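S.K.: Have a look at this one.
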Amino acid sequence: MTPLLLLPGMMCDARLFGPQINALSGRYPIMTAPLGTHDTIEKIASDVLEYAPETFALAGLSMGGIVAMEMVRQARDRVVGLALIDTNPLADAEAMKDRRALQIATTLAGDMRRVMRDEMKPNYLADRPNQGAILDLCMAMATDLGPEVFVRQSKALRDRRDQTETLRGYNGRTLILCGREDSLCPVKRHRLMQKLIPGSTLQIVENAGHFPTLEQPQLTTAALARWLESL
């Protein structure tokens with residue numbers, strides 16, 4: 001039985017995968033890992049690998065996907081299957097680096113909640129009846145993690161490497177999944193990843209934005225279950 005390691009997005013924790021953990025934990029050993037321990041993607045990935053099983057299936061959403069790609073770069077043979085969800089294999093664009101600088105400054109000034117409320121999460125979700133509840137959960141996760149984690153994660157994302165060559169060299173069973181309405185990591189990024197990884201499967205989830213695990217939990221869980229069954 002293949003263990004499943006789930007990596008959440010920026011300023012999120014295991015609650016981001018709550019529906020999937022509830023549905024799949026009866027069939028698979030499931031682990032999650034915090035991503036706020038260091039301010040580089042390389043060190044975060046190394047930390048996670050230290051505590052991960054010898055071999056495992058790896059699924060990451062957004063920042064979790066970026067860390068997952070770095071884990072593949074560092075220890076490809078340990079990752080028997082890879083699921084990349086609403087993420088980006090490219091290095092940070094200059095415009096985004098400038099935006100992060102402002103967000104870090106605002107957070108250090110004591111107003112992380114404004115950054116989360118006004119600049120980030122509301123722009124990431126599809127316009128659905130459950131949007132308010134998901135935003136409340138995202139704010140709760142961010143508040144629990146706190147400003148120090150926000151700053152470390154922002155720096156790690158700002159300075160991350162391009163992982164296109166990493167993906168070209170990975171041959172494990174791969175699911176690439178994204179919400180159709182994700183404006184942060186758009187569909188075109190996922191089509192790129194599909195082209196980079198031989199034999200990968202692309203699934204686009206309708207009526208979902210950046211967090212399909214919460215916006216369309218049943219469809220997302222079904223896709224992950226099919227991927228796990230194929231390993």
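The values are calculated or read from the model by the stated rules, or taken from the named source; none is laboratory data. Nothing here was measured: the structure is a model prediction, and the numbers come from that model. Positions of Cβ are backbone-derived with ideal geometry, glycine not excepted, and every protein chain shown enters the neighbour counts.
S.K.: Assess whether L84 counts as being at pLDDT 95 or above, more than 16 Å from L214 (Cα to Cα) and among the hydrophobic types (A, V, I, L, M, F, W, C).
M.R.: Considered against the rule, which asks whether it is at pLDDT 95 or above, more than 16 Å from L214 (Cα to Cα) and among the hydrophobic types (A, V, I, L, M, F, W, C), L84 comes out as no.
S.K.: Going by the structure shown, is G18 surrounded by fewer than 22 Cβ atoms within 10 Å (Cβ to Cβ), more than 18 Å from Q153 (Cβ to Cβ), touching a helix residue (DSSP H, G or I) at 6+ places or on another chain (Cβ under 8 Å) and at pLDDT 95 or above?
M.R.: Considered against the rule, which asks whether it is surrounded by fewer than 22 Cβ atoms within 10 Å (Cβ to Cβ), more than 18 Å from Q153 (Cβ to Cβ), touching a helix residue (DSSP H, G or I) at 6+ places or on another chain (Cβ under 8 Å) and at pLDDT 95 or above, G18 comes out as yes.
S.K.: Among the residues of region 63-80, is there at least one that is closer than 18 Å to T166 by Cβ, modelled with pLDDT of 95 or more, not hydroxyl-bearing (S, T, Y) and not in a helix (DSSP H, G or I)?
M.R.: There is at least one residue in region 63-80 that is closer than 18 Å to T166 by Cβ, modelled with pLDDT of 95 or more, not hydroxyl-bearing (S, T, Y) and not in a helix (DSSP H, G or I).
S.K.: Which residues, counting only those in region 21-39, are β-branched (V, I, T) and surrounded by 16 or more Cβ atoms within 10 Å (Cβ to Cβ)?
M.R.: Selection gives I21, I30, T32.
S.K.: Let me ask another. Scan region 204-227 and give yes if some residue there is among the hydrophobic types (A, V, I, L, M, F, W, C), touching a residue at least 60 places away in the same chain (Cβ under 8 Å), part of a loop (DSSP other than H, G, I, E, B) and crowded, with 17+ Cβ neighbours inside 10 Å, otherwise no.
M.R.: Checking region 204-227: at least one residue is among the hydrophobic types (A, V, I, L, M, F, W, C), touching a residue at least 60 places away in the same chain (Cβ under 8 Å), part of a loop (DSSP other than H, G, I, E, B) and crowded, with 17+ Cβ neighbours inside 10 Å.
S.K.: Continuing with the same structure: Which of the residues that make up region 102-119 are in a helix (DSSP H, G or I) and free of Cβ contacts under 8 Å to residues at least 12 places away in the same chain?
M.R.: L102, A105, T106, R114, D118
S.K.: Restricting the first residue to region 150-177 and requiring it to be surrounded by fewer than 17 Cβ atoms within 10 Å (Cβ to Cβ), which pairs with a second residue that is of a type in the set (G, A, S) meet a Cβ separation below 6 Å and a spacing of at least six or different chains?
M.R.: That search, which allows pairs on different chains as well, returns D162/A91.
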